[in-house]
Structures are given as structure tokens and as C-alpha cells.
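Undergrad: Handing you this structure, nothing more for now.
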Amino acid sequence: MNALEKCEVLVIGTGIIGVMTALYLQNAGKTVTLLERGEIARGASAGNAGILAFPEIIPIPAPGVMKKAPRWLIDPLGPLSVPPAYALKIAPWLWQFWKASSPRRFQHGLNVQIAMMRLAASEMQTVAVMPELAHHISNTGTLDLYDTRASFDAARRDWDEKERAGVTFSRVGRAEIEQLQPGLAPRFQHAMFTPGGLQVADPYEFTRAIADLVIARGATLRKGEAVRVETVGESTIVSLKTGEKIDADKVVIACGAWSKTLAASLGNIVPLETERGYNTTLPAGSFDLTRQLYFNDHAFVVTPLSSGIRVGGAVELGGLDLPPNFRRSEALLKKASQFLPGLKTEGGKQWMGFRPSMPDCLPVIGPSRASNTVIYAFGHGHLGLTQSAATGRLVTELVSGTATSISVDPFRASRFG
């Protein structure tokens, strides 16, 4: 029988949440082991748009959102789709999503996101000045574009909430839109410009750079797939698919869409679902894109990366096992070519990844039901990159047993009963 491996803090998952948490743990003097079943940063962290979306405080489950759902769901290539083969399985999650859209719970979610985003922006500033990481982040500014005056006016309430939260932006018309981003189709006459919009040059390279940094500082990278976590007396035992076991003083579960099974092994049944995100990354030079573009009426973005132009977005609730439907990527690219008439659409690389999402669009951060020695850090949906530094701060405070920078009670795993 192999000797039981031992470590101080085991972080399961090397996506942006896992490696950022490892960085914060090291800064607090902890010795870290990273456990990864595949490749570092090759999950959802590789395929996001690279946007540090601190102004995105508005919860997706908003009052009235379910009235729009039937129209979305009948369009297999629309902003929200559920493959027929997955419809029954997703029903409990959609029920919780609907409950989260009540006025009271929407306001609660908004207040929580405001606090989380303030912490996220502050903590990312400390990361962004680190010499090893500073060159990955730049200020490009963000254009939120609307098809019509009516859709622009309909979004005014959300912008009012952002203004109350301290977000700086300005309304711009066609002439300013053309100055801020030449080459947009004439249909776009109404937009909001957020001058402080931050962009990661390439989300994979950024996540990989953090992983390389923590490993260079002494973290151990352990290959293997965790299948069960259990607390035995004073020990926390992580069982691997190979039959090997790791005994850790503390365990952080940060493996995104794969966290649900591990949480269940500790007694937490969480309604974690998988949003399958699609994008196409076009070669550098495909368009002279100077900043992040949100096409709000179509639920997708176009962003400038060091590797090219990324076109992606929308939501497909389809779990981990169904085959990809790259017609979604093609539909987004077709729209992008209409909205950016000079866009060269040849030579793109398609991608599909799994966003780990909770129905109230708040992550799970906090101790497990079984023991305070196991800390959850998953379920960030679209905001993993954005909230990674804040999550690293909160998890490190929980591991260290100190007061948290903001209350983690709204993020508890048991909040759904």
C-alpha cells in the first residue's frame, strides 16, 4: 500500500480561481499543492473574453426575465438555449433561477455583487502591479452598443444602478461611437462608454503566468483527478481516480463545473449547472479593434486579444456530456461580420467551454458542510476572471481563520436549502 501523501493546503483545479487562490495563499505564508486532472488553464479560463467586468453588477435573474425565456428557448441559436436532450435535467435549475428573479432576491443579489465587485477591483489592482503579471492587463475602455433607442432606454435602469454603485460612464451618439471604434455598422447610434474598462491580453496566458509564478515560488503541481473528499477525524482525505489518497490540512475545491460531485461527497447538494460558452478567435489583423465591444441586444462580445479578435458569448445550458454545437459559434461570427462590416472572418479557431453557474449567479465561497477544513471556491459563471482576486482573498482569509474582507454568508453552499 502506498504511503499517504501529505500537504498543507491542496487546491483542486488550476483554472483562474484555483491559481489566483494559490497566489494569495502563498502571500499569506501557506505551502500549496495544486491538483490538476488535465492541463493548467485549459478549461473555461482559456476561452473567456478577457474582460475584467467590474461594472457588471446586475444579476442575470432579474424581475421579468422569465417572460423573455420562451422566446429565447425556441431559437436554438439564440442568446439562451437548452438542447431538448437536456431540458428535463435543467428544469430544477431553471426553477431556482426563476425564484432568484423575485424583486427581493434580485435586490439582495445586486447588493452582494456590488460589494464583491468593489473587492474584486481593489484586489485585482494589487495583482496588476506585480512585475510578473502587469503586462497582461491594459485599459481599453468598453463600448456597450444598442440596436435601437428603445433598447437603449430599456437598459437605463441598469445603468442607473451602476451609477449609484460608482461606475463611471457616459452616453455617446453616432459621431463619438465612430471615434471610439471606427468601422461599426451605421445601425449603432446609441451606446454607453466606460473609460475604465480593463482587458486581459490573453486569458490563457494570464492564468498560465500566475500558475508559473506560484510554482516558481515553491508550489507543487500534482497530476490527478479527485473523485471524493472526506473528513476523517482531524484529517481531510482526497481520493484520486487512481486509488491514491492525499491527506491535506486544508482543501480548496476550485475545479469549476466539476466541483458539484466533490461537494456532494461532503454533504452539500448544490444546484451547479454548466453554461456551455462558444467563441471564435480570429487571427490578429482581422479587424482594427481598439476596445471591448458589448452587443447588448444580442448577448455577445467582441474583444481584442494579443492572439487576435475573440467573438463569443450567449448561453447554452447543456451539461458536460452533450457534443458541442458549433453552429452557435458560426451564428455569432455571422452577426459580428454584419455589425463590423470590415471584419475578416477567415482562419478562426472555434472553442466551447464550460462555465460553472449557480441559478442566482453568485459563486459558492465558504466552508463545506462537513468541515471548515474544506473551502469551496466555484460557480462564478461569467465572472470567474473578474472575481478571481477577490475570491483568492476571501478563501485565504477562511483558510487562515481571520475575518473576511466582506461577508461570505451570501455565498454559502447551503443557501438553496
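The values are calculated or read from the model by the stated rules, or taken from the named source; none is laboratory data. Remember, predicted model here, so these are calculated numbers, not experimental data. Cβ atoms come from the backbone with ideal geometry, glycine included; neighbour counts cover every protein chain shown. Side chains included, ligands, DNA and RNA excluded: accessible areas come from the protein's heavy atoms. Shrake-Rupley method; radii C 1.70, N 1.55, O 1.52, S 1.80 Å.
Undergrad: Amide H neighbours of Arg228 under 5 Å, counting only residues 5+ apart in sequence or on other chains, H built in-plane at 1.01 Å?
TA: Ser239
Undergrad: Can I ask one more? If you build a Gaussian network model of the chain, linking Cα atoms that sit under 10 Å apart, which residue out of Ala28, Ala100, Ala390 swings the most?
TA: Ala28
Undergrad: Quick one: in the range 1-65, what % of C-alpha pairs are over 15 Å apart?
TA: Summing the P(r) tail past 15 Å for the range 1-65 gives 66 percent.
Undergrad: Which Rg and Dmax, in Å, describe the Cα atoms of the range 93-214?
TA: Reported Rg and Dmax, both Å: 17.9, 49.
Undergrad: Cut-off 16 Å, label point 7 angstrom out along Cα-to-Cβ of Ser151: give me the residues of the range 308-323 whose amide nitrogen falls inside.
TA: Only 312-315 pass the distance filter.
Undergrad: Right, here's the next one. Taking H as built 1.01 Å from N, whose amide H comes closer than 5 Å to the amide H of Ser81, not counting residues under 5 places away?
TA: Val315, Glu316, Leu317
Undergrad: Using a probe radius of 1.4 Å on heavy atoms only, what accessible surface per residue do you get for the range 167-303? Whole Å² is fine. Kindly include the intermediate steps, with their values, before the conclusion.
TA: Values: 5330 Å² over 137 residues.
Here the per-residue accessible area is 39 Å².
Undergrad: A further question on this structure: Please compute, over every Cα-Cα pair in the range 349-391, the percentage with a separation greater than 11 angstrom.
TA: Above the 11 Å cut-off, the range 349-391 has 69 percent of its Cα pairs.
Undergrad: Still on this structure: In the chain, carbon and sulfur make up what percent of the accessible area (probe 1.4 Å)? Could you put the intermediate results ahead of the total?
TA: Details: 9600 of 17640 Å².
Ligands and nucleic acids excluded, carbon and sulfur give 54 percent.
Undergrad: Taking a quarter of the surface of the Cα convex hull of the chain, what do you get in nm²?
TA: The orientation-averaged projected area of the Cα hull of the chain comes to 19.6 nm².
Undergrad: Bin width 5 Å, alpha-carbon pairs only: give the P(r) of the range 271-355 as whole percents, running from 0 to the bin holding the largest distance.
TA: With a bin width of 5 Å, the distribution comes to 3, 15, 27, 25, 15, 10, 4, 1, 0.
Undergrad: Here is a further query. Would you please report the Å³ per residue occupied by the convex hull of the alpha carbon atoms in the range 270-417?
TA: Residue-normalised Cα hull volume stands at 138 Å³.
Undergrad: How much FRET efficiency would the formula 1/(1 + (r/R0)^6) give for Lys6 and Arg327, where r is the Cβ-Cβ distance and R0 is 45 Å, rounded to 0.05?
TA: Taking R0 as 45 Å, the efficiency between Lys6 and Arg327 is 0.40.
Undergrad: Mind telling me which of Asp153, Asp321, Asp247 comes out most flexible in a GNM of the chain, alpha-carbon contacts under 10 Å?
TA: Among Asp153, Asp321, Asp247, the largest GNM mean-square fluctuation belongs to Asp321.
Undergrad: Using a 1.4 Å probe and ignoring any ligands, DNA or RNA, find the accessible area of Asp158 and quote it in Å² to the nearest 10.
TA: Its heavy atoms expose roughly 60 Å² to the probe.
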